[in-house]
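To start, the structure under review is shown below, and the notes come after it.
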Amino acid sequence: MNKQYRETYVEVNLTNILSNYNYVQNMNKSIKIIPVVKANAYGHGSIKVVEFLRENGVKFFAVSLLEEALEIRRIYSDISILIMGVLDYEGFEVCSEFNLTPTVSNHDQILDLLKMKSKLNIHVKIDTGMNRLGFKDFFEFENEFNLINQNKNIHLEGVYTHFSTADSDDIYLHGQLTKFNEFIVKYGDSFEYIHVSNSSSSIKYDNSIDYTTHARLGISLYGLSLDEYNENLKNTFKLVTKISEIKTIKSGEKVGYGATYTALKDEVIGILPIGYADGFIRANQNGYVEINNKRYQIIGRICMDQMFIRIDESISKEDKVILFGGLITIDEVAKRLNTINYEVICQITSRVPKVYIK
């Protein structure tokens, strides 16, 4: 039963996703862009995003988890999928079976690779200053490199690093890049695929890094950035609902749990069928939504499944309510919540269905 009875949904604009991909790809014509579709394509729906980009010629994607890769592989057998998270021997075996490419970032994984009896392509992660995943120094990696080459089933396909400050600190980024450059001078000929850039560095720096073959496009594939506003990136995610009930309350009446809102005069309020169980969290109280290109304030505490807005008599139950992705931008909501735009879209839960526009 696929019918949606609650008029709350996410509108995903696939055409704009492709536009963002093409914008960054055209800036960096000497490399290939790898769309990052981890975390259900940042809340957009990984299967639909992969489907649409694949139809438009994209053949290489990146995810975080083996489970994410398998979900995609079970549908599409003709694309490459890089897994960026940490796997063990069992995970490597699954990758070999399903032609998936894992990342290798520590010594324990190298020991697991030595046991492999089947063919496996791998990418190696180098830690240049993020201090999260990856090999940290040349001596460490030289030992691992020699161990990997002992197993002829393992193909060292690619190598990469990850910048921690591409959106905020050029000096630190260039320090990371210097370390990676030194690595490439020594080992670069061993790899067919070399990728360093995330969204920010793809747009700002990648043309100046002449040895890279690929770049990983994450948040900017979805029209967002942690850098200054970029008019070339198009919004891809809109959270939409409709008013389920309209009430008139009198001056002095209170609204919602905890009775935190008191009407200062007779007011019209709308109840929306969306709440924190959908990922529109309680901290959004006192923010705004959009109806007919105007802002209307959120009042009272946001409930698990419902929330309140103060409206006027021009508003009807047939009007579309946009919580963000229009006049109320995702960046505005992130600022309201003292977080980043990634979190705003990723926290919208699976019970909110998606409508795809293309």
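The values are calculated or read from the model by the stated rules, or taken from the named source; none is laboratory data. Computed from a prediction, not measured in an experiment: that's the story for all the values here. Glycine also receives a Cβ, built like all others from the backbone with ideal geometry; neighbour counts cover every protein chain displayed.
Here Leu113 passes the criteria (1) within 21 Å of Phe183 (Cβ to Cβ); (2) touching an Asp or Glu at 6+ places or on another chain (Cβ under 9 Å); (3) assigned to a helix (DSSP H, G or I); (4) touching a residue at least 40 places away in the same chain (Cβ under 8 Å) except the one numbered (2).
In region 136-193, of all residues being aliphatic (A, V, I, L, M) and assigned to a helix (DSSP H, G or I), the one that is farthest from Glu228 (Cα to Cα) corresponds to Leu147. With a requirement of 2 or more residues that are at positive phi, the helices (runs of 4 or more DSSP H) lying completely within region 1-101 that satisfy it span 38-42.
When only residues in region 1-60 that are of a type in the set (Gly, Ala, Ser) and within 16 Å of the chain's Cα centre (by Cα) count, which is nearest to Ile330 (Cα to Cα)?
From region 1-60, those of a type in the set (Gly, Ala, Ser) are 19, 30, 39, 41, 43, 45-46, 57; that's our starting set.
Now restrict to residues that are within 16 Å of the chain's Cα centre (by Cα): 39, 41, 43, 45-46.
Details: Ala39: 18, Ala41: 16, Gly43: 13, Gly45: 18, Ser46: 20 Å.
Within region 1-60, the match that is nearest to Ile330 (Cα to Cα) is Gly43.
Against the test of being farther than 25 Å from Tyr23 by Cβ, basic (Lys, Arg) and surrounded by 14 or more Cβ atoms within 10 Å (Cβ to Cβ), the options Lys179, Lys186, Lys152, Lys115 yield a single qualifying residue, Lys179.
Selection of region 5-28 for residues being closer than 30 Å to Met304 by Cβ, at pLDDT 95 or above and not hydrophobic (A, V, I, L, M, F, W, C) yields Thr8, Tyr9, Glu11, Asn13. Suppose the filter is in the same structural domain as Leu70 (by TED's automatic domain parsing) and either polar (S, T, N, Q) or closer than 28 Å to Ile75 by Cα (or both); does Ile171 pass it? So Ile171 does not fit the description; no.
Within region 53-67, being farther than 13 Å from His214 by Cα, in contact with a strand residue (DSSP E or B) (Cβ under 8 Å, 6 or more places away or on another chain) and not hydroxyl-bearing (Ser, Thr, Tyr) holds for Leu53, Val63, Leu65, Leu66.
Only one of the numbered conditions (1) farther than 24 Å from Ile81 by Cα; (2) crowded, with 17+ Cβ neighbours inside 10 Å; (3) of a type in the set (Ser, Thr, Tyr); (4) in contact with a Ser or Thr (Cβ under 6 Å, 6 or more places away or on another chain) is violated by Tyr172, and that is (2).
For Ser200, state whether it is touching a Leu at 6+ places or on another chain (Cβ under 7 Å) and in the same structural domain as Lys48 (by TED's automatic domain parsing).
On the way: touching a Leu at 6+ places or on another chain (Cβ under 7 Å): yes; in the same structural domain as Lys48 (by TED's automatic domain parsing): yes.
Judged against the criteria, Ser200 is a match.
All of Asp127, Asp112 fail the test of being in contact with a Gly (Cβ under 6 Å, 6 or more places away or on another chain) and among the acidic types (Asp, Glu), apart from Asp127.
On the phi > 0 side of the Ramachandran plot and in contact with a helix residue (DSSP H, G or I) (Cβ under 9 Å, 6 or more places away or on another chain) - does that describe any residue in region 285-293? So far as region 285-293 goes, yes, one or more of its residues are on the phi > 0 side of the Ramachandran plot and in contact with a helix residue (DSSP H, G or I) (Cβ under 9 Å, 6 or more places away or on another chain). All conditions but one from (1) over 27 Å from Val268 (Cα atoms); (2) touching a residue at least 40 places away in the same chain (Cβ under 8 Å) apply to Arg336; the one that does not is (1).
Could you tell me which residue of region 201-232 is farthest from the chain's Cα centre (by Cα), considering only residues that are in a helix (DSSP H, G or I) and buried (at least 20 other Cβ atoms within 10 Å of the Cβ)?
Just the residues of region 201-232 that are in a helix (DSSP H, G or I), to begin with: 201-204, 206-208, 219-222.
Retained after the next criterion (residues that are buried (at least 20 other Cβ atoms within 10 Å of the Cβ)): 201-203, 206, 219-222.
Details: Ser201: 16, Ser202: 15, Ile203: 17, Asp206: 20, Ile219: 5, Ser220: 9, Leu221: 8, Tyr222: 8 Å.
My answer is Asp206.
Within region 29-46, if we keep just the residues that are more than 19 Å from Tyr342 (Cα to Cα) and aliphatic (A, V, I, L, M), the residue that is modelled with the highest pLDDT turns out to be Ile33. In region 123-136, the residues that are under 23 Å from Cys95 (Cβ atoms) form Cβ pairs under 6 Å with partners that are small (Gly, Ala, Ser) and in a loop (DSSP other than H, G, I, E, B), at six or more places apart or across chains, as follows: Lys125/Ser105; Lys125/Gly134; Ile126/Gly134; Asp127/Gly134; Leu133/Ser105; Gly134/Ser105.
Restricting attention to region 144-168, the residues being over 20 Å from Leu120 (Cα atoms) and either hydrophobic (A, V, I, L, M, F, W, C) or free of Cβ contacts under 8 Å to residues at least 12 places away in the same chain (or both) number 3.
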